[in-house]
Amino acid sequence: MDMTEIFAILLIAAGIYMMISIVFWTLELGISPTPTSNRVKQSLKQLLPEDVDGKVYELGCGSGSLLEMLDNKYRNNQVVGLERSPLPWLIARLRFGNNRDTLISKENFLGRNLTDAGLIVCYLCPSLMMALAKKLKRDLPEGCLIISHTFRLPGWEPVKVLQADDLYKTPIYLYRAGYCKEEFSGQPSQPASDRFQAAQGHN
Ligand SMILES: C[S@@+](CC[C@H](N)C(=O)[O-])C[C@H]1O[C@@H](n2cnc3c(N)ncnc32)[C@H](O)[C@@H]1O
């Protein structure tokens, strides 16, 4: 067997490993590492606050394309990407290299303490949003902003909803921690427009 054949076999083995890894983790997590489209990213940008008080997290950051946008915007904050699937995690790690302000961690975000968050961004699926909705109510400091596209956070009332300029008119939801607590404490909830101003005032 010559070197070319060995190289070809290694290449095929690596390809098979990658395919198995993606399929396995997609079934395990209930979602594939589909990146956010450029059009949705451009619309989502409009909802990003200028300043954030705390860490910026992307939950399920995939290979890090959305995280790159967050990293470029929030130069003064630590930006953290959490990704469980090994291959997208590795790509994100290579992408950000030794950037000490951006941390890519191969971990389950449902087990992560998010009490130091100032902004959370995610693109997940309905079952994960359900689990996340309860966790975020427990973890997040009041005023923390959450941006999710495509799927809403069940039981949370959005401060604002935008439609992306794409074929599907993808909805992008902005939430602010604290409103749910008000709903549950029986206090009258603020009108949505006031809340968006409050969220903007959070900047
Ligand atoms: C639809 S992709 C979004 C990728 C990236 N956020 C983007 O918008 O371009 C969702 C990602 O969440 C990851 N994921 C799902 N459940 C997770 C969990 N419990 N902990 C960490 N990552 C998770 C998946 O592996 C997948 O890469």
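The values are calculated or read from the model by the stated rules, or taken from the named source; none is laboratory data. Fair warning: this is a prediction, and the values are worked out from it, not measured in the lab. So basically every Cβ, Gly included, is an ideal-geometry build from the backbone, and we count neighbours across all protein chains shown. Just the protein is used for accessible areas: all its heavy atoms, side chains included, with ligands, DNA and RNA removed. Shrake-Rupley method; radii C 1.70, N 1.55, O 1.52, S 1.80 Å.
So the values come out like this:
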{"read-out": "Answer residue from the range 44-53, given it is more than 13 Å from the ligand (Cβ to nearest atom) and open to solvent by less than 30 Å² (accessible area, probe 1.4 Å) and is farthest from THR150 (Cα to Cα) among those", "value": "VAL52"}
{"read-out": "Which listed residue is within 13 Å of the ligand (Cβ to nearest atom), touching a residue at least 60 places away in the same chain (Cβ under 8 Å) and either surrounded by fewer than 23 Cβ atoms within 10 Å (Cβ to Cβ) or not hydroxyl-bearing (Ser, Thr, Tyr) (or both), from GLU58, GLU83", "value": "GLU58"}
{"read-out": "Pair list, Cβ < 9 Å and 6+ apart or interchain, from the range 86-97 residues that are closer than 11 Å to GLY62 by Cβ to residues that are among the aromatic types (Phe, Trp, Tyr) and open to solvent by 30 Å² or more (accessible area, probe 1.4 Å)", "value": "LEU87/TYR17; LEU87/TRP25; PRO88/TRP25"}
{"read-out": "Residue satisfying condition, being under 14 Å from the mean Cα position of the chain (by Cα) and part of a strand (DSSP E or B), within set GLU58, GLU68, GLU107", "value": "GLU58"}
